[in-house]
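What follows is a single structure, written as structure tokens, with notes after it.
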Amino acid sequence: MEALSDGVFAFAATLLVLDLALHPPGTPLEQVLNAWPSYLAYVISFLTIGAAWLGHTALTDRLDRTDPLLLRINLLVLLVIAFLPFPTKLVAGALHHEGSERVFVTMYGLTLVAIRVLGFGLDAYARHERLNAPSQNSQEDPDETRELLPVLGGYAIAIAIGLAVPIAAVTIYFALAVYMILFGEIRRRYLLARRASGATGPNH
């Protein structure tokens, strides 16, 4: 499970860079600057795949065993991860063409939501079925749903805004990707520390 998953994550992340290209006319500098939608879409998708991979790696580190349903949920996660380079390419091209950008940005947002929801579902199923190692079952991360809801709320807002102002939605997607990479783990550690301090606090 881990080997196949890591391979798909790596392959999807690598495919993203293949869509970076310069398009004439214009001077070399103008072509580089005009390709900014491709750079932005690449960074968002790479960070999103990276965040999903970090969560998936944490999950497989905790696992003691798997079952058939967990493997099938995992395949759904990998299906969407492998699909992400396609809407990434569409968004990169659409930001230069107003006629199609609303459709493609919405499609992109829904793909990002699917990655997050399926990743959460995979982890939730493993916890529910006690597939984690015994030492991990007693140390579950707190407030998993609370970690998911702000991100899903951000995606919902971005998708709605994207129907009117697509570039604003893409900006929100970027902010959410940065949040998941940089601040998600910080918040998780803070919640764990707070729970630990509450459990070992002085008794009166």
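Size of region 20-92 along its principal axes in angstrom, Cα-based, largest extent first?
Extents along the principal axes: 57, 18, 12 Å.
Amide H of residue 133: which non-local residues (sequence gap of 5 or more, or other chain) have their own amide H closer than 5 Å, using H built in the peptide plane?
Here the answer is 63, 64, since their amide H atoms fall under 5 Å of that of residue 133.
Using a 1.4 Å probe over the heavy atoms of the protein chains, calculate the carbon and sulfur portion of the accessible area of region 1-61 as a whole percent.
Carbon and sulfur: 73 percent of the exposed surface of region 1-61.
What accessible area, in Å² to the nearest ten, does a 1.4 Å probe give for residue 181?
For residue 181, solvent-accessible area is about 50 Å².
Taking the Cα centre of region 26-132 as the origin, how large is its charge dipole in debye, to the nearest 20, when only Lys and Arg (+1) and Asp and Glu (-1) carry charge on their Cβ atoms?
For this selection, approximately 260 debye.
Stick to the Cα atoms of region 1-152, pair each with every other, and give me the Kirkwood hydrodynamic radius in Å at one decimal.
Result for region 1-152 stands at 16.9 Å.
How much length is gained if the chain between residue 67 and residue 54 is pulled fully straight, taking 0.36 nm per residue apart and subtracting their Cα-Cα distance, in nm to one decimal?
On the way: separation 13, 0.36 × 13 = 4.68 nm, distance 2.15 nm.
Residue separation times 0.36 nm, minus the Cα-Cα distance, leaves 2.5 nm.
Per residue of region 69-79, what does 6.51 cos²θ - 1.76 cosθ + 1.60 with θ = phi - 60° give for ³J(HN,Hα)? Whole Hz please, x for Gly and Pro, Karplus curve as stated.
Computed from phi, the couplings for region 69-79 are 5, 4, 5, 6, 5, 4, 5, 5, 4, 5, 4 Hz.
Could you derive backbone 3J(HN,Hα) for region 15-25 from the dihedral phi with the Karplus parameters 6.51, -1.76 and 1.60 (θ = phi - 60°), listing whole Hz in sequence and x where the residue is Gly or Pro?
4, 4, 6, 5, 8, 7, 8, 9, 10, x, x
Could you check the simple spin-label distance between residue 22 and residue 168, using points 7 Å along Cα→Cβ, in nm with one decimal?
3.4 nm
Stretch residue 2-residue 75 to full length: gain in nm at 0.36 nm per residue minus the Cα-Cα span?
Additional length available on full extension: 25.1 nm.
The values are calculated or read from the model by the stated rules, or taken from the named source; none is laboratory data. Model, not experiment: these values are computed from the prediction. FYI the Cβ positions are ideal-geometry reconstructions off the backbone, even for glycines, and counts take in every protein chain you see. Keep in mind that these areas ignore ligands, DNA and RNA; they rest on the heavy atoms of the full protein, side chains included. Shrake-Rupley method; radii C 1.70, N 1.55, O 1.52, S 1.80 Å.
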